[in-house]
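The values are calculated or read from the model by the stated rules, or taken from the named source; none is laboratory data. For clarity, every value in this text was computed on a predicted model and none was experimentally measured. With ideal geometry, Cβ positions are generated from the backbone for all residues, glycine too; neighbour counts draw on all protein chains shown.
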Amino acid sequence: MILVVFSLAFYAWGEPRWVVLLVFSALVDYVNGLVIEKNRGTWKATVALVSSVIINLSLLFFFKYSGFFAENLNMLLGTAIPVNNFALPIGISFYTFQTLSYTIDVYRNETKAQISFLNFMLFVSLFHQLVAGPIVRYSDIAAGIENRTVDLSECSYGINRFEIGLAKKVLLANTAGELAAPYLDGNMDMLTTGGAWIGIILFSLQIYFDFSGYSDMAIGMGRMIGFHYKENFNYPYISRSATEFWRRWHISLGSFFRDYLYIPLGGNRKRHIFNLLVVWFLTGLWHGASWNFVVWGLFYGILIILEKLFVDKWLKKLPAFVSHAWLLLAVLIGWVFFYFTKLEDAVHYLGIMFGAGKNGFFSLEDKIFLSSNLLFMVVAIIACTPLGSNFWEKVRKFTESRSYGQWIPALGRPAFNFALLFLSTAFLVGKSYNPFLYFRF
C-alpha cells in the first residue's frame, strides 16, 4: 500500500490528471488477466487477450500518434481532420508495453494472473521505472511483489548503483548536452565539418549517459527495496555490429519486440526480412510520432538485414578496430536522424559532416573548443566502456591479498558514493529543470 500510494504521488508530481489513465490501463489488464486465467484455452480467453491489445494500443495511438496521422492525412488528402493537441502522458509508451506483456504472458501460460489488484497496481506503478523504463515484465518481479527481502548488502549495492546513475545524468549527460547545443541547434550555415562531428559525438554521449543513467537509478532504487530489475544497457558503444549494438542498447525494448512481435510474425523461419522491417519500423515509431524516428528505425533495420545477408561475414574477417569503427560510424549517422525532427535538417547536417559544408574542416573556434573540453570528452568516452569497472575489480583483487585489503572496499565505496552525490548536487544547484530525454517517449 505504501509503495503504491507513493508511486502514484510520484507520477502525479509530473502530471496529476494522467494518474486516472494509468489506473485505468492497469485495471483493463488486471481484469483481462483474470478472465484469461479463469477461461484458459477457450474463446473467452482469446477475446480477453484481443481486448487487452486493442484497448492498450488504442490509448497509445490516441495520445501519441493520432495527431501525427491526422497531420499526414490532411497533407496527403487535403482533408481537415482535427489534430490531437493533448500533451503526451508521461511514460505511456513504457507502462503500456509493460501491462500488455503481462496479459500476453498470462495467455501463453508463462505466468499466473495476479489475484490482488493492489499487487498488480504495484507492478504497473513502481516509481523507479514507471516513466522511462526499463520495461519490466511481471514474471521478473512477481515473486518480489509477494515476498521479498531487503538486507544491508543489497541496499548498499542499490545506493552505489543509484549514485552512478545520478552522476551519469548530472555530470556527464547534462554537460555533454550543453556542449553539443551550439553545434546542433545553431546556424548550420556557419558549421564546419569538424564542428558537425563534434556536435553529434557529444549528443551520442548525452543520450547514452542520460538513458543508461536513468536505468541505473531505477535498478539501484529497486534493489534498495528488494526488487531485481534486469539490465537495460551493456556498454553498447563497444559493439562491432548493429546487431550487437541492439543487444546492448535498451535491452528491455529490444527483447519486447523480439518476443511479442518478431517471433510471432515468424522470426527467422519465414519472411524474416519483412519481419525485421516491420519490427524496426515500429521500433522507430515507438520513440516518437515523427518521420525522423521512422527513418532512424528503418536505418537500423536495413543495417541489420545487410549484416545478416553478407556484411557480418566480412566484419568477422576484419580486424576488431575496423568493425568497431563501422559500428560507431553507423551509430553517429543514426543519431543525426534521431536528433533532428525535420528530415531536411538531418540531411543538411549529414552533408556538412561529410564535407558538403562551405566553412572548411576546422575553424579556430573548433580548436579552442576541443582544447578546452578535451579532458571531459576523454573521461566521457572512457566511461562508455568497461575500463572503469575492470580497473576497480583489479584493485579489489589486488587488495584482497593484503592485510589492509578489507578496508579498501569498505571505505572506498562510501567515499566514492559521497563524492558523486556531492558533485552531482553541486552541479544541480542553480540549474533549471532538465528532465531525462526518454521522458518524452
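What the table shows:
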{"quantity": "Failed condition for Leu73, given (1) surrounded by fewer than 18 Cβ atoms within 10 Å (Cβ to Cβ); (2) within 19 Å of Ser93 (Cβ to Cβ)", "calculated": "(2)"}
{"quantity": "Residues of segment 133-181 that turn out to be in the same structural domain as Val19 (by TED's automatic domain parsing) and under 12 Å from Asp216 (Cβ atoms), as a count", "calculated": "2"}
{"quantity": "Residues satisfying the stated conditions in segment 340-364, i.e. over 14 Å from Trp197 (Cβ atoms) and without any contact (Cβ under 8 Å) to a residue 40 or more places away in the chain", "calculated": "Glu344, Val347, Leu364"}
{"quantity": "Helices (runs of 4 or more DSSP H) within segment 296-391 that include 2 or more residues not assigned by TED's automatic domain parsing to the domain that holds Ala176", "calculated": "364-383"}
{"quantity": "Segment 224-245 residues that are among the aliphatic types (A, V, I, L, M), paired with ones that are surrounded by 16 or more Cβ atoms within 10 Å (Cβ to Cβ) and part of a loop (DSSP other than H, G, I, E, B) (beta carbon under 8 Å, 6 or more apart)", "calculated": "Ile238/Cys384"}
{"quantity": "Positions within segment 3-62 being part of a loop (DSSP other than H, G, I, E, B) and either in contact (Cβ under 8 Å) with a residue 60 or more places away in the chain or under 21 Å from Ile145 (Cα atoms) (or both), in sequence order", "calculated": "Glu15, Arg40"}
{"quantity": "Complete set of residues in segment 121-147 that are within 15 Å of Thr96 (Cβ to Cβ) and part of a helix (DSSP H, G or I)", "calculated": "Phe123, Val124, Ser125, Tyr138"}
{"quantity": "Count - residues of segment 219-248 that are crowded, with 21+ Cβ neighbours inside 10 Å, of a type in the set (Phe, Trp, Tyr) and over 30 Å from Glu146 (Cα atoms)", "calculated": "2"}
{"quantity": "Neighbours by Cβ (under 6 Å, 6+ apart or cross-chain): first from segment 422-441, outside the structural domain of Gly213 (by TED's automatic domain parsing) and modelled with pLDDT under 65; second outside any loop (DSSP other than H, G, I, E, B) and of a type in the set (Ser, Thr, Tyr)", "calculated": "Phe441/Ser93"}
{"quantity": "Qualifying residue in segment 114-136 (condition: surrounded by fewer than 22 Cβ atoms within 10 Å (Cβ to Cβ), over 18 Å from Leu3 (Cβ atoms), modelled with pLDDT under 90 and under 18 Å from the mean Cα position of the chain (by Cα))", "calculated": "no"}
{"quantity": "Any chance Gly165 is small (Gly, Ala, Ser), part of a loop (DSSP other than H, G, I, E, B) and out of contact with any Cys (no Cβ under 6 Å at 6 or more places or on another chain)", "calculated": "no"}
{"quantity": "Residue pairs meeting the criteria (Cβ under 7 Å; at least 6 apart or on separate chains; first in the same structural domain as Tyr300 (by TED's automatic domain parsing) and modelled with pLDDT under 90, in segment 254-272; second part of a helix (DSSP H, G or I) and charged (D, E, K, R))", "calculated": "none"}
{"quantity": "Test: residue in segment 31-44 that is over 13 Å from Tyr95 (Cβ atoms), of a type in the set (Asp, Glu) and at pLDDT 90 or above", "calculated": "yes"}
{"quantity": "Boolean, Ser101 is free of Cβ contacts under 8 Å to residues at least 60 places away in the same chain, of a type in the set (Gly, Ala, Ser), within 22 Å of Pro264 (Cα to Cα) and touching an Asp or Glu at 6+ places or on another chain (Cβ under 9 Å)", "calculated": "no"}
{"quantity": "Count - residues of segment 1-31 that are acidic (Asp, Glu) and either closer than 26 Å to Leu49 by Cα or not assigned by TED's automatic domain parsing to the domain that holds Thr99 (or both)", "calculated": "1"}
{"quantity": "Where Ser363 falls short, out of the listed (1) at pLDDT below 90; (2) hydroxyl-bearing (Ser, Thr, Tyr); (3) loosely packed, with under 13 Cβ neighbours inside 10 Å", "calculated": "(3)"}
{"quantity": "Matching option when the condition is crowded, with 19+ Cβ neighbours inside 10 Å, among the hydroxyl-bearing types (Ser, Thr, Tyr) and out of contact with any Leu (no Cβ under 6 Å at 6 or more places or on another chain), among Tyr107, Tyr30, Tyr65", "calculated": "Tyr30"}
